[in-house]
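Okay, so here's the structure we're looking at.
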Amino acid sequence: MSIFKAYDIRGLVPAELNEEIAGRIGRAAAEYFGASRFLVGTDDRKSRDSLFKAFTDGLRAGGVDVVSIGKVSTPILYYSVAKEDFDAGVMITASHNPGEYNGFKFCRRGAQPVPQEELAALRALVEKNAFQDAPQRGDLEEKDPFPAYREFLKQNSHLGRSYKVVVDAGNAVCGLFLEELYKDTPIEIIPMYFESDPSFPNHEPNPLEEENTADLRKRVVAEGADLGAALDGDGDRIMFIDEKGEQLAGDVTTLLIALGLKEDGHSDFDVVVDCRSSRAVEEILRENGLGCTKSRVGHTFIKRLMREKNSLSGGELSGHYYFQASSYTESTDLALFTILRMMERRACRLSELVEPTKRYVQSGEINSRVTSVTDTLAALRKAFPQGKVSEIDGVTIEFEDWWFNVRPSNTEPLLRLNLEAPDRASMEKHRDAVLSVIRG
């Protein structure tokens, strides 16, 4: 079943994912997780009602009591699972994928992630499709998660002045509730594309791609806003735009969040970062007395390391930012509050926070289709023998003044290159040399 990915389940509806398969996934989840109470939230795609019914019917046939919290963001689902001590939870969403997709994101008690090997075990149960109904069918009830979550935000905002923030919800689920959620905070939201439309008529709900934030970047400047924020389809990723209309890289945001938490009064904590992050991130963290642990790309790996290191924060280039305060899960809200508090404390603009981080030039992620991932990685090690090699994710080879990471795709015979050097000329020279090996 191709719908089972590395971190979640996603596919075209109904060609790859339909009610029958959703019901089997629900039955498999009841058996695999051994949960007595399961929390379920959804985004606002056209297929949400039919997949929700089929999936929860499967859970209930397995004897599991289901609590529905309706249309929410993934961070609200995670928060609710942890706060209410549910045995497990699932978000019915396809995240940033186009509207004809849908899927499932699972978590365990405490909002702990479900890694790839557990999804493989779940897949085996779905494919076997040999279930017996429980003696007693589970119940279904509804619960409003917003009062508790609104109080959580109130306790974690701590802003002394108002800020004007342009938010692009991408016609996805967060537009349904964000203004109401923030009404008790000193943030003035200027809404963009808050009208829910699962066809995503203005742009794909993927803020990592700059073509999807073009309208937002213009609007921030036109409104004279303090910053802009672009959310993805299920609200667990956020990309920031400074007052000049420039988009912040995810590793820079991870760094600013960590520095902001230190300025909030925390000290001597370790920050877990994506292994593709700029060398400037580790340098500046250590200059400020903070630890830095590099992680394999992917939320399951970062969350696991954060728990092991007792980290206060972590982040990825993709716009996922994790907080101990939210049970080591993504929180776009805490990311926004932390950066605004830092701006308030320093009485500066967002671009001024970013400026000291501009120490190196990055290539951005470059994809190459290869015949053999294993052979190509071996060729890279052979071609650059003087470098220091790390294999946290794919292969990273570091030199005194430049480095690169090449990691495989989870689903295709692709290699993804990220490279960094002190200036553009040397970056381009080294980039071309590495690509010649990958594509040679």
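Just one of the listed residues (Ser368, Ser351) is of a type in the set (Gly, Ala, Ser), surrounded by fewer than 19 Cβ atoms within 10 Å (Cβ to Cβ) and in contact with a Leu (Cβ under 6 Å, 6 or more places away or on another chain), namely Ser368. The strands (runs of 3 or more DSSP E) located wholly in the stretch 314-395 that include 3 or more residues which are more than 25 Å from Val165 (Cβ to Cβ) and either modelled with pLDDT of 95 or more or under 27 Å from the mean Cα position of the chain (by Cα) (or both) occupy 366-369, 388-390. Among the residues in the stretch 389-404, are any crowded, with 20+ Cβ neighbours inside 10 Å, in contact (Cβ under 8 Å) with a residue 40 or more places away in the chain, under 22 Å from Glu282 (Cα atoms) and touching a Gly at 6+ places or on another chain (Cβ under 7 Å)? For the stretch 389-404, residues crowded, with 20+ Cβ neighbours inside 10 Å, in contact (Cβ under 8 Å) with a residue 40 or more places away in the chain, under 22 Å from Glu282 (Cα atoms) and touching a Gly at 6+ places or on another chain (Cβ under 7 Å): absent.
Would you call Glu282 modelled with pLDDT of 95 or more and under 23 Å from Val389 (Cβ atoms)? Taking the combined requirement at face value, the residue satisfies it. For the stretch 152-166, the set of residues classified as of a type in the set (Ser, Thr, Tyr) and touching a Leu at 6+ places or on another chain (Cβ under 8 Å) consists of Tyr163 only. Given the structure, is Lys154 under 27 Å from Ser80 (Cβ atoms) and at pLDDT below 95? In short, yes.
Residues are listed down the side, and each one gets a yes or a no for (1) among the charged types (D, E, K, R); (2) in a helix (DSSP H, G or I); (3) in contact with a Ser or Thr (Cβ under 7 Å, 6 or more places away or on another chain):
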position	(1), (2), (3)
Gln132	no, no, no
Arg161	yes, no, no
Gly175	no, yes, yes
Ile190	no, no, no
Phe200	no, no, no
Asn206	no, no, no
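Taking the residues in the stretch 58-68 that are part of a helix (DSSP H, G or I) and in contact with a strand residue (DSSP E or B) (Cβ under 9 Å, 6 or more places away or on another chain) as candidates, determine which candidate is surrounded by the most Cβ atoms within 10 Å (Cβ to Cβ). By that ranking, first place goes to Leu59. Quick one: is Thr300 part of a helix (DSSP H, G or I), of a type in the set (Ser, Thr, Tyr), buried (at least 24 other Cβ atoms within 10 Å of the Cβ) and outside the structural domain of His158 (by TED's automatic domain parsing)? So Thr300 fails the test. Taking every residue in the stretch 107-133 that is more than 15 Å from Val90 (Cα to Cα) and pairing it with any residue that is in a loop (DSSP other than H, G, I, E, B) and of a type in the set (A, V, I, L, M), at least 6 positions away or on another chain, the pairs with Cβ-Cβ distances below 9 Å are Gln116/Ala6; Arg123/Met1; Arg123/Ile3; Val126/Met1; Glu127/Met1.
The values are calculated or read from the model by the stated rules, or taken from the named source; none is laboratory data. All values derive from a computational prediction rather than experimental measurement. Backbone-built Cβ (ideal geometry, glycine too); neighbour counts: all protein chains shown.
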